[in-house]
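Scroll down for the structure; my scribbles are underneath it.
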Amino acid sequence: VVMVTISAQDHHDNNATTTTTTTVDGTRLLLITSTATLCKTLCGISAAATKASITQYFALRGNMADLNAKESTQETLVSLLGMMTGVTLAHQLQRYEAQRGDATSMTLQWMIFTVLTAVHVWANWRG
């Protein structure tokens, strides 16, 4: 179960990386977006396949419904925080690019993406 969960996260990271490369190479847009969609689908399948068994493992007193509700609430909060952080970061990068007016913005974006992806992989590995 752990390996399938890690596999789901790997597919998620591959999806994000593949989608991000469309900004660099727009000539193969169909191939890149198709690959990204495939990775996203594999992530969803892997995550859905393991969710019930993980929840059942932690349900000690037949409280599986309660655990599902709490997990969904936590997932929603984390998603909202992630979206707010992403919007703020995008706004700051846009301001930076408007001030600088050169190609360093793209380099900075890739550096931030690489660091955040590495943190995501590390957090999944530690979890």
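Estimated from the Cβ-Cβ distance and a Förster radius of 30 angstrom, the FRET efficiency linking Gln56 and Leu31 is about 0.15. Surface composition of the chain: carbon and sulfur atoms hold 67% of the protein heavy-atom accessible area at a 1.4 Å probe. For volume of the Cα convex hull per residue in Å³, one of [x] 109; [y] 127; [z] 183 was computed from the structure I shared and the rest are decoys. Which label? It is the one labelled [x].
Rolling a 1.4 Å probe over the protein heavy atoms gives the chain an accessible area of 74 Å² per residue. Between Thr20 and Trp110, the simple spin-label model (points 7 angstrom out along Cα→Cβ) gives 1.0 nm. Our helix-only sum for the chain, with -39,500 (n - 2.57) per DSSP H run of n ≥ 4 divided by its residues, gives a mean residue ellipticity at 222 nm of -30500 deg cm²/dmol. What the phi angles of the range 75-84 give under the Karplus curve with 6.51, -1.76 and 1.60, with θ = phi - 60°, is a coupling list of 4, 5, 4, 5, 5, 5, 4, x, 5, 5 Hz, glycine and proline written as x.
The values are calculated or read from the model by the stated rules, or taken from the named source; none is laboratory data. The structure presented is a predicted model; accordingly, all values stated were derived computationally and were not measured. A quick note on method: Cβ atoms are made from the backbone with ideal geometry, for glycine too, and the neighbour counts reach across all protein chains shown. Areas reflect the complete protein model, heavy atoms only, side chains present, ligands, DNA and RNA absent. Shrake-Rupley method; radii C 1.70, N 1.55, O 1.52, S 1.80 Å.
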